[in-house]
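The values are calculated or read from the model by the stated rules, or taken from the named source; none is laboratory data. These numbers come from a predicted model, not from an experiment. Note: ideal-geometry Cβ built from the backbone for every residue, glycine included; neighbour counts use all protein chains shown. Surface accessibility is based on the protein's heavy atoms, side chains included, excluding ligands, DNA and RNA. Shrake-Rupley method; radii C 1.70, N 1.55, O 1.52, S 1.80 Å.
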Amino acid sequence: MSPLCESFLPADKLNHMEPFYPLHVWVCGSCFLVQLEEYVSGEEIFTEYAYFSSYASSWVEHAERYVRDMVDRLRLDRQSFVVELASNDGYLLQWFVKRGIPCLGIEPARNVAKAAQDKGVDTLVRFFDEALGASLASEGRQADLIAGNNVLAQVPDLNSFVAGIRNLLKPTGTATLEFPHLQRLVEGNQFDTIYHEHFSYFSLLSVERILAAHELTVFDVEELWTHGGSLRVFARHAADRSRPVSQRVLSLREREARLGYGKIESYRAFQPRIEHTKRRLLELLIRAREEGKRVVGYGAPGKGNTLLNFCGIRSDLCEFTVDRNPYKHGRFLPGTHIPIHPPERLDEARPDYVLILPWNFKDEIMAQLAHVRSWGGKFIVPIPEATVVG
């Protein structure tokens, strides 16, 4: 049982009843899509959202590289049109704006969309679906490039969303979708990336089936470092034969089949590993507290809330956490009620251990916090297994 991972609590709500929902993951024995039940609607989760992409420097740099690569690869110019689905605070489209390439962001969270508009990014505050894709196409606004970075997992109605991409994409256009790779999630023991806001978890096998059902073909794929290991798939209309399916797609397809991602039995060994990681982290934190050491967190990401709630870690084991996002300051983590402070609070406390909750940015974070070592502080990286870094 777990709360919604982005439902940060103000102080005046701490004594109110808090909703928890089952966090059970299912696998389809036909298409092998890994998915959660839809306990709450996308409108409830994403109308106002606490995640602002621009607070992760390496993610913004990743977006800038993507724009540079797509401009070169697809020869985009001032006559092109780019659409990003779930464009957040303009972290990506700002780089197209600076190049003078026409673009549109589609973002359902009003508070996040405003930050994008303040950067000069034209943003439509809507949920994207089949009807909206058709509506934009009927206005003559079909896209040369559709980008969807870390949105596919957060879509409750996949068929409507992918049909919208088909409608919006020009006949010779390209759609790129980035999402955490299921293989890396399982092999890296990244169970904390499972939470209610992520409805689905994808292998290449399952993504190809979803896109093919809507006459879209994956013709290339890249394996990325982001979010603990992601895929970026390149899709085109099935009728567009100008770009054949690459060897990278064929090789990854074969690898997933060999590793068993097309067999239910392969998924059953995951749970015992998750439980071992929980015990290891709790042993480490309990020993630190028994020795009189101070432990605080760094970051307040969604994945951290899955980890903390599953392990039963509260302020007795982790006093507080700090985060760069001002929206979260003075609030409390859902379920565990660990307080969130600005980063300066960490230097005031001078803890013995810093628990890095956004472990996918651990190298960036440890470089930013190198001064922690000056007072003898160490870092705890919880995934794939709780490890102390001196």
Choice from ASP323, ASP89, ASP12 showing the highest fluctuation, given a GNM over the chain with Cα pairs closer than 10 Å: ASP12
Tally up the carbon and sulfur contribution to the accessible surface of the chain as a whole percent, 1.4 Å probe, everything protein left in place. 51
Can you put THR387, THR217, THR172, THR193 in order of accessible area, largest first, using a 1.4 Å probe? THR172, THR387, THR217, THR193
Charge dipole (the chain, unit charges on Cβ, about Cα centre) - positive-most of VAL245, GLY335, VAL162: VAL245
Using only DSSP helix segments of four residues or longer, with each worth -39500 (n - 2.57), what per-residue ellipticity at 222 nm results for the chain after dividing by its residue count and rounding to 500? -10000 deg cm²/dmol
Taking Rh as the Kirkwood radius computed over alpha-carbon pairs of the stretch 199-352 and applying Stokes-Einstein at 25 °C with viscosity 0.890 mPa s, one gets a diffusion coefficient in µm² s⁻¹ of 128
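Only loop residues by DSSP count here, and only those with at most 15 other Cβ atoms within 10 Å; note down the GluC sites (Glu not before Pro) in the stretch 219-306 that meet that. Kindly include the intermediate steps, with their values, before the conclusion.
Details: sites: GLU222, GLU223, GLU254, GLU256, GLU265, GLU275, GLU283, GLU290, GLU291; in loops: GLU291.
Loop-located and lightly packed - GLU291.
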Suppose the Debye formula is applied to equal point scatterers at every Cα of the stretch 275-336; what is log10 I(q)/I(0) at q = 0.14, 0.16, 0.18, 0.19 Å⁻¹? -0.40, -0.52, -0.65, -0.72
Exceeding 26 Å between C-alpha atoms, which entries from my cross-link table qualify? They are LYS98/LYS328; LYS119/LYS362; LYS114/LYS328; LYS119/LYS328; LYS98/LYS170. LYS98/LYS328; LYS119/LYS362
From Cα pairs below 8 angstrom and at least 6 apart in sequence, can you work out the relative contact order of the stretch 177-286, rounded to a whole percent? 28
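Taking N as the number of residues in the stretch 192-290, what is its alpha-carbon radius of gyration divided by 2.2 N^0.38 Å?
Details: Rg = 18.3 Å, N = 99, 2.2 N^0.38 = 12.6 Å.
Here the answer is 1.45, to two decimals.
Can you check what the net charge comes to around GLU319, using other residues whose Cβ is under 13 Å from the Cβ of GLU319 (Lys, Arg +1; Asp, Glu -1)?
Working: positive: ARG289, LYS293, ARG294, ARG314, ARG345, ARG350; negative: ASP316, GLU348, ASP352.
It works out to a net charge of +3.
Tell me the per residue accessible area of the stretch 103-206 using a 1.4 Å probe; a whole number in Å² is fine.
Details: 3240 Å² over 104 residues.
Averaged over the residues of the stretch 103-206, the accessible area is 31 Å².
Rank these by accessible area, largest first, 1.4 Å probe: ILE264, ILE380.
Working: ILE264 45, ILE380 0 Å².
The most accessible residue leads, giving ILE264, ILE380.
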